[in-house]
Structure formats: structure tokens, C-alpha cells
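Below is one structure, written out as C-alpha cells, with a few remarks after it.
A short reminder: the numbers here are calculations on the coordinates, not readings from a lab. Here the structure is a predicted model, which means the values were calculated and not measured.
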Amino acid sequence: MVRSFDPFIYQNIFHEYELDITQGEIDLVYMLLKDLSVNNLQHSDSNVKTSYKDIDILDTPGLSNLKKQITDILKTHNLRLNNNWGQLYNKDNEHKVHNHPFSTCSGIIYLDPNEASPTIFYDRDFKTYVHAFKKNQLLLFPSYIPHEVSRLNSNEKRLVISFNTDERI
């Protein structure tokens, strides 16, 4: 099922997709991230465990089913998967306001737990749209939209995979 919507009412179309993600795939992402160092991003706008600099996480053999679901969805938007990474947030982690330059659309795959801190998006007037964490959901959005994850007040183990795209040629 897909739901397309514009949270800011002027041509910033977001798309939600329900994904078929197994517990084994979620466990694999946890395993891949658990021993990584904190703040592995290129910029110091985050203090989460991430595979950003290390691997394109969806290239992991145990995630081929999930990667196929994503690439099939992207084809319907004439997009191709670019870089992708896992992120694990715990108490006091945050990811400050940022966007994804040099990308057409970006995606967040919400893996675990069932409920976790939301992603907050901002329009050009800094009005907010708060997108609730929905397990096994992909949110696809324009890469230029600023967004963040506020500081977590509890150890909720917020697990996501994020990615960027390019237009298909």
C-alpha cells in the first residue's frame, strides 16, 4: 500500500510504503551496527551509531529482499538507489537539522521498535511536520527538505536505514 501526501501543501510530495521486513533482517542490522563507533558521519551533526562511512548496508547479502523492495519502489519514481546506511539511536542521541544535498529523494526505513521518536521536517518558513515512527515503513521525501531527530530521552533503540537516490538515466 502507498500513501502520497504533501505535509506542507505546496508540491513537496512525500510517499509512505509498507514493507515486508523480517525479524531476521532487523536483527542483522542491529548486529552490523552494534560495534560501530558513535558519530561516524562526515559532519558532527549526529551522535548516533551509523554505517554511513563504512558500508552501503543494503548491499549486505541478508538484506537482499529488503533492497529489492526498495529498488522496485524507486523504479516507479524513476529513481535509483545511491548510498545507504543504518542508524541506531539510544538515550541522548540526536541528529540535528540537515538535508541531503546532491540527492533527488531520500528515504527512511523505520525498522524497530514499534514506537520510537519521530522525524521532524521543516518547510522554508520553518513550519514543522512531525512524522511518526512506523515500524516496517518506508518514507520517501524530497532530499532538500530539512529534517532532524530530536534528542532521545530514553533508551528506545531507534533503528532505521536511510538512503539517497539519483534520477534514472
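Shape of the range 54-110 from the C-alpha gyration tensor: oblate (a/c of 1.5 or more and a/b not above b/c, with a ≥ b ≥ c the square roots of its eigenvalues). Shown here is the pair-distance distribution of the chain: with all Cα-Cα distances grouped in 5 Å bins from zero up to the longest one, the shares run 2, 9, 18, 24, 23, 17, 7, 2, 0 percent. Each Cα pair under 8 Å and six or more residues apart adds its sequence gap; the mean of these over the residue count of the range 79-169 is a relative contact order of 52 percent. Adding -39500 (n - 2.57) for every DSSP H run of four residues or longer, then dividing by how many residues the chain holds, sets the calculated 222 nm ellipticity at -4500 deg cm²/dmol.
Contact order, relative form, for the chain: 28 percent (alpha carbon pairs under 8 Å, 6 or more residues apart, mean separation divided by residue count). The alpha-carbon of K127 sits under 14 angstrom from the alpha-carbons of these aspartates and glutamates, leaving out residues fewer than 8 places away in its chain: D6, E148.
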